[in-house]
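Notes follow the structure.
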Amino acid sequence: MLVSPPSPRPALPQVTLCAASSVNVMATIRALEASLSHIDVAACKLFTDTPVKPDHPAISVVPIARITSSRAYSNFLLSQMADYVDTSHCLVVQWDGHVIDGAHWRADFLDYDYIGASWPQFDDGFNVGNGGFSLRSRRLMEACRDPAFHTLHPEDVAIGRINRGWLESRGMRFAPSALADLFSTERAGDISASFGYHGAWHMLHVMGRDAFWALYRDLDDRSTIRHDFGTILYQIGRGRGGWRRALRMILDHNFVRVRSDAA
């Protein structure tokens, strides 16, 4: 399990911390709280239709229409979230990705319009990157609302691949992949040297098995772990009593798969 670094937190007055969700909202709040324990930002906003009152005083809830799908999530980030960001940059987190070490913040992150963990499956130079934990400038967010921008799903692929050339032609700067991997770990990079991460398969390392299990059991949508189910199952099954948890996950996974096939 990663050990929290000592205070003080880096002050980031140019950054608004944001998350948007209609599912796994309590886990999303926990991700915001975890991030706030490592950084001091200008504002922190949770966009949701769920009537929640976070305990953390820095988290402001912004009511929005229900996000009914991952495509609707992409549309919200690309077309609406800029309306609520007054700072030069927005740091986007999700329930399964957040800041893990404020000591790894670098001032030059703010020199770029978009940073997300690199995608090692691409070798054409358009490999930055993942949107689940990402830093994006407000001017990039505004550019994504231009009629010439091809609004596609998922939103990070629309930004980092489909429209990257067009965005760069308008002066947007994407972080180089080496810097992106210092910003966030997903499929590449060293999580112990990273500012943040994205991916539920990293959470057992970040949180520990018991804390992850408590969070997992409270999720109202477990379908987001299906792509890395085997990795997570192996990790949760290790240690004392792990087979019971692994069995529970297998039953949950089969239920989600059956429900998805029936939809």
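The values are calculated or read from the model by the stated rules, or taken from the named source; none is laboratory data. Remember, predicted model here, so these are calculated numbers, not experimental data. Positions of Cβ are backbone-derived with ideal geometry, glycine not excepted, and every protein chain shown enters the neighbour counts.
Restricting segment 207-230 to residues that are more than 14 Å from the chain's Cα centre (by Cα) and surrounded by 20 or more Cβ atoms within 10 Å (Cβ to Cβ) leaves a set whose member that is farthest from residue 114 (Cα to Cα) is 209. Out of curiosity, is residue 100 within 24 Å of residue 181 (Cα to Cα) and β-branched (Val, Ile, Thr)? Considered against the rule, which asks whether it is within 24 Å of residue 181 (Cα to Cα) and β-branched (Val, Ile, Thr), residue 100 comes out as yes.
For residue 46, the stated conditions hold: it is under 18 Å from the mean Cα position of the chain (by Cα) and part of a strand (DSSP E or B).
The lone criterion from (1) outside the structural domain of residue 31 (by TED's automatic domain parsing); (2) at pLDDT 95 or above left unmet by residue 196 is number (1). Annotation note: of 247, 179, the sole residue that is over 23 Å from residue 98 (Cβ atoms) and surrounded by fewer than 18 Cβ atoms within 10 Å (Cβ to Cβ) is 247.
Among residues of segment 233-251 that are without any contact (Cβ under 8 Å) to a residue 60 or more places away in the chain, those with a beta-carbon under 8 Å from a residue that is of a type in the set (Val, Ile, Thr) at least six positions away or on a different chain give the pairs 233/250; 242/236; 245/236; 246/236; 249/232; 249/236.
Counting only residues that are within 17 Å of residue 158 (Cα to Cα) and not basic (Lys, Arg), how many does segment 40-92 have?
Here is the first cut: in segment 40-92, the ones within 17 Å of residue 158 (Cα to Cα) are 69-82, 92.
Filter once more, so that each one left must be not basic (Lys, Arg): 69-70, 72-82, 92.
Total meeting the criteria: 14.
Only one of the listed residues (53, 45) is free of Cβ contacts under 8 Å to residues at least 24 places away in the same chain, in the same structural domain as residue 198 (by TED's automatic domain parsing) and either among the basic types (Lys, Arg) or in contact with a Cys (Cβ under 6 Å, 6 or more places away or on another chain) (or both). That residue is 53. Within segment 14-24, can one find any residue that is among the small types (Gly, Ala, Ser) and over 16 Å from the mean Cα position of the chain (by Cα)? No; the residues of segment 14-24 include none that is among the small types (Gly, Ala, Ser) and over 16 Å from the mean Cα position of the chain (by Cα).
Can you name every residue in segment 66-87 that is of a type outside the set (A, V, I, L, M, F, W, C), in contact (Cβ under 8 Å) with a residue 40 or more places away in the chain and in a loop (DSSP other than H, G, I, E, B)?
Restricting attention to segment 66-87, the residues satisfying the condition of being of a type outside the set (A, V, I, L, M, F, W, C) are 66, 68-71, 73-75, 79-80, 83-84, 86-87.
If we keep only those that are in contact (Cβ under 8 Å) with a residue 40 or more places away in the chain as well, we get 66, 68, 70-71, 73-75, 79, 84, 86-87.
66, 68, 86, 87, listed by residue number.
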